[in-house]
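Student: Take this structure first; my questions come after.
The values are calculated or read from the model by the stated rules, or taken from the named source; none is laboratory data. Everything numeric here is computed off the predicted structure, so don't read it as measured data. With ideal geometry, Cβ positions are generated from the backbone for all residues, glycine too; neighbour counts draw on all protein chains shown.
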Amino acid sequence: MKRTLLLTVCSVALALGVHAQDDARSKAIVDKLVTKAKAWTSFEADFSSRLQNTKDKLDVKQEGTMKVKGKKFRLVLDKNTIINDGTTMYTYNKESNEVNLSDPSEMDQELDPSKLFSQYEKGYKSAFVEEKADAAGVMVQTIKLFPLDPSKKAFHTVIISVDKAKVEPKSIQVLYKDGNQVTYILKKFTANPELADALFAFDKTKFPGVEVNDMR
């Protein structure tokens, strides 16, 4: 699951290493995105994910949706649904008809959709990559993020593309130390939608015969 989800960063080539911390242009983009993200009370997105590893000849594509309201979220990716109601996290697999219950506090911050963008506020240095119009004519700014303490991260680089006018994410690419490369493309993003609380509750009656495994 960790290999296929949400939302991170590490070391930079020597040519960039000295200057990345002082890259005012990329820092301004990060600051704008984080400030706007922290002001969202909710958001939802349709996205595609792609896991690649050239060495292992791995190429896995999936479609997903995420809905976030405060610290609660509902993430659907292929046959898996993950729901965090703020107290318990439910990881449901449709194929096995099983749900695992766990403590949300044990989830890695980088994988928490509710912290998808605000997590980059601290602990990273950045470098500006480019600014150009995409196929639809939208001006997109691209930056790279690198963790200040790479030893604590499984990845070494995060590449984020942002809609310059809307200050909303277009894509996130995470480059892992083990050679895995995960790309998330946000096909549709809506800030501050009205989301019913029922979306963030796991109702067993809707999953007849589900096996519940309490891992807390």
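Student: Does residue 84 qualify as being in contact with a helix residue (DSSP H, G or I) (Cβ under 7 Å, 6 or more places away or on another chain) and at pLDDT 90 or above?
Tutor: In short, yes.
Student: In this structure, does residue 105 turn out to be in a loop (DSSP other than H, G, I, E, B) and farther than 21 Å from residue 191 by Cβ?
Tutor: When the stated conditions are applied, residue 105 does not pass them.
Student: Further question: List the residue pairs whose Cβ atoms are under 7 Å apart, where the first residue sits in region 173-190 and is closer than 16 Å to residue 59 by Cβ and buried (at least 18 other Cβ atoms within 10 Å of the Cβ), the second is small (Gly, Ala, Ser) and modelled with pLDDT under 95, and the two are 6 or more positions apart or on different chains.
Tutor: Taking only residues 6 or more apart or on different chains, the pairs are 176/154; 182/49; 184/49; 184/171.
Student: Go through the residues of region 117-125 one by one and say whether even a single one is in a strand (DSSP E or B) and crowded, with 19+ Cβ neighbours inside 10 Å.
Tutor: Within region 117-125, one or more residues are in a strand (DSSP E or B) and crowded, with 19+ Cβ neighbours inside 10 Å.
Student: Return the residues of region 136-150 that are within 15 Å of residue 119 (Cβ to Cβ) and surrounded by fewer than 21 Cβ atoms within 10 Å (Cβ to Cβ); say none if nothing qualifies.
Tutor: 148, 149
Student: Are any residues in region 139-165 in a loop (DSSP other than H, G, I, E, B) and under 17 Å from residue 33 (Cα atoms), and if so, which ones?
Tutor: 164, 165
Student: Any chance region 151-164 includes a residue that's crowded, with 21+ Cβ neighbours inside 10 Å, within 21 Å of residue 41 (Cβ to Cβ) and not polar (S, T, N, Q)?
Tutor: Taking every residue of region 151-164 in turn, at least one turns out to be crowded, with 21+ Cβ neighbours inside 10 Å, within 21 Å of residue 41 (Cβ to Cβ) and not polar (S, T, N, Q).
Student: Moving on. On the basis of being crowded, with 18+ Cβ neighbours inside 10 Å and hydrophobic (A, V, I, L, M, F, W, C), does residue 129 make the cut?
Tutor: Here the answer is no, as residue 129 does not meet what is asked.
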